[in-house]
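Every number in this text was worked out from the coordinates using simple rules, so none of it is lab data. All of these numbers come straight from a predicted model, not from anything done at the bench. Here the Cβ is made from the backbone with ideal geometry for all residues, glycine too, and neighbour counts use every protein chain on show.
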């Protein structure tokens, strides 16, 4: 194997695949990055069994291949090395089968490769079940839903995000059974039928790689995997087995009252109102609608003290005496995920789920379950 | 107690005293900040037994006192609260002796105070043994020395920085017995006689409070304490008991060769040369002067690989065959502390200490002990 490559281009691609690099693994070879040279291209691959990422570099101006080959380099050291190199180009060659020599300006590195025969075969195969959407749209969906998935492994299915498509509608739902985030998109043409649960962590890793632009991204679904094809990157994740709970009847449609807030004002008030509660674990705040249309957000933490915040909403559809208690963390995460500068909270009852919507958060619903307090 | 104070001014002063706030302490009252109102001023005090900090606020335009008093508020919560408040002014009052009420715009906080009678008496007394220097000068001294102190408590004296003054010379030395940093200043007038060892951590905390300017700072020495008086801040630290090792004969004056480098080029080369060694614990690199005046910096880490860096120095006083091995971490820390863009390394022998100096680092000497390698 022998090739010369532009240092910046290589580092960028290493950063992409590094998202799938294993740290703790029963398969030591997965701490490595596989470098393959064939068909006038460099293929970089990393995998942690959950996610596998491959990038392909073919740019003839920035890459000069002299000899094909395959080698698995220790991932962490290799990336650090390329990051610290300041030269324009980097020169790679292998000798004695398992040793990689890297030359860059006045630097001369010798790196012991990992045993390439141990590297698992990873297939990045296309599927007939394909969805294509704007990458910016996908980023927004991920940001608005994954935070609501469960962190606990007791119900593994809830650590994933449900993706369902039928007809012209694609719906994405995340829930940890105390709150729920739902976003759907409608297109002009029919989607293939899809019913998959994607690990939330995989989507968060994908989100770190993709940009906020209008490049299309293809998502290929098979029964056990989803493959995202974006620019020169293949990002593959396993799916979670099992059936996602049916939440279609959970979202209320009739409301006692809807209250509209300035988003940032509400965030500040909740942050202050929950200041002391975040130090115990409850983070429960009480929300009271007064007959003068003001809202009181309050919390009491026995040892430390109490906070009362008064908020004047932008509007209130129905003024009534109303009190509800819930986790400030859930409300903050739901509101922060939204793009609208004005958001509406819709209540159905003092111990019933409430939802949050925003004018600029099209087809997005955030739902939170309240708690009973004395 | 009752007063109204500008929120930004209060937060700034809380940030200062927070540097001395206890987190883990056998005296729970030390997790609090003491707020005292008397003599038309607000006094904020925090202490962790090692460091005590007090600030005084008297600005009549930004402070309106209605009633004197004393209260100890839970430090962490109090600072977070003031940080989250967005109003211009904050209104404080106490009631029922141990409850503090804080009003700010539409926020209303009630905070349980700590038992003020438990707060220890802390004296910030002046001394006749006073040194006055520019605060920018002090910052520079701290930055160039404290990193060389010992982190291990086995020889407590080495966790401190020695400060000695006699005649017109004030000398500051830090060493962990493997390396040493020494900086002195000479003034026009005599210093009082001083021989003190200040905990390195205290100086690092002080460094976070003081600015890079020419305000004078007074340092008052007593046998067990040093008190720094800067702007409206009193910063007091205990001193370390015991006698600092005599290092005056340690610094060589005759050299085999002196080599001058571009500082940033040398840093980059060492960083690359020690890339793999930082993952084991040794971080030992070999430094070889070749007869063609080039320098080779190299390291080998059995499992991972090897690096060779070639550096062309700016100058070399005496070309000879010479090889020395040492910790790359020590050299990097020593060089990074320096302001000069060109630095010189002066060698006395292959297993003898070497020193580093720089044209713009006046009266600063960094010394490093090499290691024997096969």
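Descriptive notes on the structure:
- Sites residue B:300 and residue B:12, calculated FRET efficiency, Cβ-Cβ separation with R0 51 Å, nearest 0.05: 0.50
- Relative contact order computed over chain B (Cα-Cα under 8 Å; 6+ residues apart), in percent: 13
- Eigenvalues of the alpha-carbon gyration tensor of region A:119-179, scaled by 5 and square-rooted, set the equivalent ellipsoid semi-axes at 23, 19, 12 angstrom, largest first.
- The angle between the Cα long axis of helix B:75-84 and the longest principal axis of the Cα atoms of chain B comes to about 80 degrees, rounded to the nearest 10.
- Spacing of the two label points (7 Å from each Cα toward its C-beta) at residue B:93 and residue B:41, in nm: 2.7
- Largest to smallest principal axis extent of the C-alpha atoms in region A:129-238, angstrom: 35, 29, 25
- Ranked from largest, the principal axis spans of the Cα set of region A:2-118 equal 36, 27, 27 Å.
- Expressed as a fraction of 2.2 N^0.38 Å, the C-alpha radius of gyration for region A:180-244 is 1.18.
- Mean-position separation - Cα centroids, region B:4-38 and region B:137-156, in angstrom: 26
- Measuring between their Cα centroids, region A:214-293 and region A:346-370 lie 10 Å from each other.
- 15 Å reach of a label modelled at residue A:250, 7 Å along Cα-to-Cβ, counting backbone N of region A:351-371: A:352-356, A:365-371
- Region A:1-61: Rg to Rh, with Rh as the Kirkwood radius over Cα pairs: 1.00
- Order of B:291, B:107 - criterion: other Cβ atoms within 10 Å of each residue's Cβ, fewest first: B:291, B:107
- 222 nm mean residue ellipticity, helices alone, for the protein assembly as shown (DSSP H n ≥ 4; -39,500 (n - 2.57); rounded to 500): -5000 deg cm²/dmol
- For residue B:62, label point 7 Å along C-beta direction: distances to other copies, nm: 5.0
- Cα-only radius of gyration and Dmax that characterise region A:160-212, units Å: 12.3, 34
- Going from the fewest other Cβ atoms within 10 Å to the most, the residues B:131, A:17, B:156 appear in the order B:156, B:131, A:17.
- For chain B, the equivalent ellipsoid derived from the alpha-carbon gyration tensor has semi-axes of 48, 23, 18 Å in decreasing order.
- Over region B:103-147, the hull volume per residue, using the convex hull of the C-alpha atoms, is 260 Å³.
- The C-alpha radius of gyration of region B:324-371, expressed as a fraction of 2.2 N^0.38 Å, stands at 1.09.
- P(r) histogram, all alpha-carbon pairs of the protein assembly as shown included - 10 Å bins from 0, percent: 2, 11, 15, 15, 19, 19, 13, 4, 1, 0
- Distances between equivalent label points of residue A:188 across the copies, with each point positioned 7 Å along Cα→Cβ, amount to 8.2 nm, shortest listed first.
- Per-q log10 I(q)/I(0), region B:257-368, q = 0.11, 0.14, 0.22 Å⁻¹ (Debye; single scatterer per alpha-carbon; no solvent): -0.32, -0.52, -1.30
- Exposure proxy order (Cβ contacts within 10 Å, fewest to most) of B:326, B:92: B:326, B:92
- Taking region B:217-248 and a reference point 7 angstrom along Cα→Cβ of residue B:50, the backbone N atoms nearer than 13 Å belong to B:237-240.
- Copy-to-copy label distances for residue B:50, where each label lies 7 Å from Cα along Cα-to-Cβ, are 3.7 nm in order of increasing length.
- Using R0 = 30 Å, the C-beta based FRET efficiency linking residue B:168 and residue B:265 works out to 0.20.
- Springs between Cα atoms under 10 Å define the GNM used for chain A, and in it the highest mean-square fluctuation of A:232, A:213, A:302 occurs at A:302.
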